[in-house]
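Each remark here refers to the structure printed beneath this line.
The values are calculated or read from the model by the stated rules, or taken from the named source; none is laboratory data. These numbers come from a predicted model, not from an experiment. Note that each Cβ is placed from the backbone with ideal geometry, even for glycine, and that neighbours are counted across all protein chains shown.
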Amino acid sequence: MTLPDPGAWGAILAIAAMTVATYLCRISGVVLMGFIPLTPHVRRGLAALPGCIIAATVLPLIERLGPAAAVALLAAIGSMVLRRNELLALVVGMSAIAGLRALGF
Amino acid sequence: MGKAAAPMTGAGMLLGARKVAVLMPGVVVFAVAFGAAAAGKGLSLFETALMSATVYAGVAQLVAMELWRPEWSWGAIAGLAVVTATVNARMVLQGASLQPWFAAYPKTLNAAHLFLFTDASWVIGTRYRAEGGRDLGVLIGSGLALWVVWLIATVAGHLAGALVSDPRRYGLDLVMPIFFAAMIVPLWRGRRAALPWVVAGLVALVTAKLFEGYAFIIVGALSGALVGAFRDDAA
């Protein structure tokens, strides 16, 4: 038996899949709490996970988008270190990439 | 509702909404960025709003935009679900930490309000409970208020993004990477704690070179988390 192709419903099905996956994440910790002991190892691994996901997403992206993107991201990080303002970091990063691209990089 | 052991009041919900208000400017910017990125990736306004309403997880939604495609196979949909679960894996620990609070309430109520569970409501709920609060309305009110603002700002971002004819020229294709990179700063806990991130980034780079698709996020992130889990933290 083969499923019919997602076709025109692809985007909606993708959103539905994300909804189910996210909801399962939301409830599974509460449900599993009584069964799985959170050892220090598990706790430390999960604590490191958010930063790991960011690094694992952004680094290959920089490699693909090129040096102008790398400069823009570093400018945004620098702005965040100095001011801790997400909006400002976004403005700085986007100004950097728009400027560099206008100059032909 | 409202019995002493397991209170859930309207006053609590208002308190939760007030507590979450300080986070609203950041959330609005994040939602507008997502809406604009979604418009740039070709999602319709309906699809964009639907995702914000039902997924309601900012980072996962921005990652999804990076992986979005015009045509979907079942494999690609399953892959997106796996990446989403990986990005949201932190919710498992957050939910587990608040489970003793939820245990006093009916299972159906917990199943319903956890749909609105976010990083923000976790932080607010954790702090509130540490101060001796027991009203579940605080958690629900913060999640609900954030959901409404998240949805409205998403729609605004999509409408604004659609006005930009060439997203690349204004750097809109970099909105997600910039936000991601900027998020590293509040997560920073010193150089030793960053070692797993370095491992994650390098493993992801190599994986992205060797394999097609987006397995690199999962392989890289889990490699880094493993390093974080088994590194000697005594120093």
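Regarding the stretch B:33-41, can at least one residue be identified that is within 19 Å of B:Ala120 (Cα to Cα) and either within 15 Å of the chain's Cα centre (by Cα) or surrounded by 15 or more Cβ atoms within 10 Å (Cβ to Cβ) (or both)? Within the stretch B:33-41 (the criterion being within 19 Å of B:Ala120 (Cα to Cα) and either within 15 Å of the chain's Cα centre (by Cα) or surrounded by 15 or more Cβ atoms within 10 Å (Cβ to Cβ) (or both)), the answer is yes, since at least one residue qualifies. Counting only residues that are part of a loop (DSSP other than H, G, I, E, B) and of a type in the set (Lys, Arg), which one in the stretch B:179-200 is farthest from the other protein chains (Cβ to nearest Cβ)? Filtering first and then ranking leaves B:Arg191. Evaluated against (1) more than 11 Å from chain A (Cβ to nearest Cβ); (2) crowded, with 21+ Cβ neighbours inside 10 Å, B:Met24 falls short on exactly one condition, (2).
The lone criterion from (1) over 17 Å from A:Thr57 (Cβ atoms); (2) modelled with pLDDT under 90; (3) of a type in the set (D, E, K, R) left unmet by B:Arg90 is number (1).
Given the structure, is A:Val71 in contact (Cβ under 8 Å) with a residue 24 or more places away in the chain and farther than 28 Å from B:Glu47 by Cα? Lay out the reasoning, then the answer.
On the way: in contact (Cβ under 8 Å) with a residue 24 or more places away in the chain: yes; farther than 28 Å from B:Glu47 by Cα: yes.
The answer is yes for A:Val71.
One residue alone among A:Leu65, A:Leu32, A:Leu49, A:Leu24 is modelled with pLDDT of 90 or more and either within 7 Å of chain B (Cβ to nearest Cβ) or surrounded by fewer than 23 Cβ atoms within 10 Å (Cβ to Cβ) (or both), and that residue is A:Leu24. One residue is enough: does the stretch B:1-18 have a residue meeting the conditions surrounded by fewer than 19 Cβ atoms within 10 Å (Cβ to Cβ), within 29 Å of B:Ile178 (Cβ to Cβ) and in contact (Cβ under 8 Å) with a residue 40 or more places away in the chain? Within the stretch B:1-18, not a single residue is surrounded by fewer than 19 Cβ atoms within 10 Å (Cβ to Cβ), within 29 Å of B:Ile178 (Cβ to Cβ) and in contact (Cβ under 8 Å) with a residue 40 or more places away in the chain. Each residue in the stretch B:96-155 was checked for being assigned to a helix (DSSP H, G or I) and farther than 30 Å from B:Ala38 by Cβ, and 19 of them qualify.
Any idea which residue in the stretch B:114-161 is modelled with the lowest pLDDT, counting only those that are within 16 Å of the chain's Cα centre (by Cα) and not hydrophobic (A, V, I, L, M, F, W, C)? I'd like the intermediate steps shown before the answer.
Filtering the stretch B:114-161 down to residues within 16 Å of the chain's Cα centre (by Cα) leaves B:114-124, B:142-151, B:153-154.
Checking which are not hydrophobic (A, V, I, L, M, F, W, C) leaves us with B:118-119, B:121, B:142-143, B:154.
Details: B:Thr118: 89, B:Asp119: 80, B:Ser121: 86, B:Ser142: 94, B:Gly143: 96, B:Thr154: 95.
Here the answer is B:Asp119.
Picking from B:Ala78, B:Ala85, which residue would you name as being under 18 Å from the mean Cα position of the chain (by Cα), facing chain A (nearest Cβ under 9 Å) and closer than 24 Å to A:Leu3 by Cβ? Let's see the steps before the verdict.
Details: B:Ala78 fails: under 18 Å from the mean Cα position of the chain (by Cα).
Going through B:Ala78, B:Ala85 in turn, the sole match is B:Ala85.
For the stretch A:75-86, how many residues are at the interface with chain B (Cβ under 8 Å from one of its Cβ atoms) and either surrounded by fewer than 16 Cβ atoms within 10 Å (Cβ to Cβ) or in contact (Cβ under 8 Å) with a residue 40 or more places away in the chain (or both)?
To start, the set of residues in the stretch A:75-86 that are at the interface with chain B (Cβ under 8 Å from one of its Cβ atoms) comprises A:76-77, A:79-81, A:84, A:86.
Then drop every residue that is not either surrounded by fewer than 16 Cβ atoms within 10 Å (Cβ to Cβ) or in contact (Cβ under 8 Å) with a residue 40 or more places away in the chain (or both), which leaves A:81, A:84.
Residues that pass the stated criteria total 2.
Candidates are the residues of the stretch B:57-72 that are more than 7 Å from chain A (Cβ to nearest Cβ) and part of a loop (DSSP other than H, G, I, E, B); the one that is farthest from the chain's Cα centre (by Cα) is B:Pro70.
For the stretch A:52-62, the set of residues classified as modelled with pLDDT of 85 or more and either more than 7 Å from chain B (Cβ to nearest Cβ) or under 9 Å from the mean Cα position of the chain (by Cα) (or both) consists of A:Ala55, A:Ala56, A:Val58, A:Ile62, listed by residue number.
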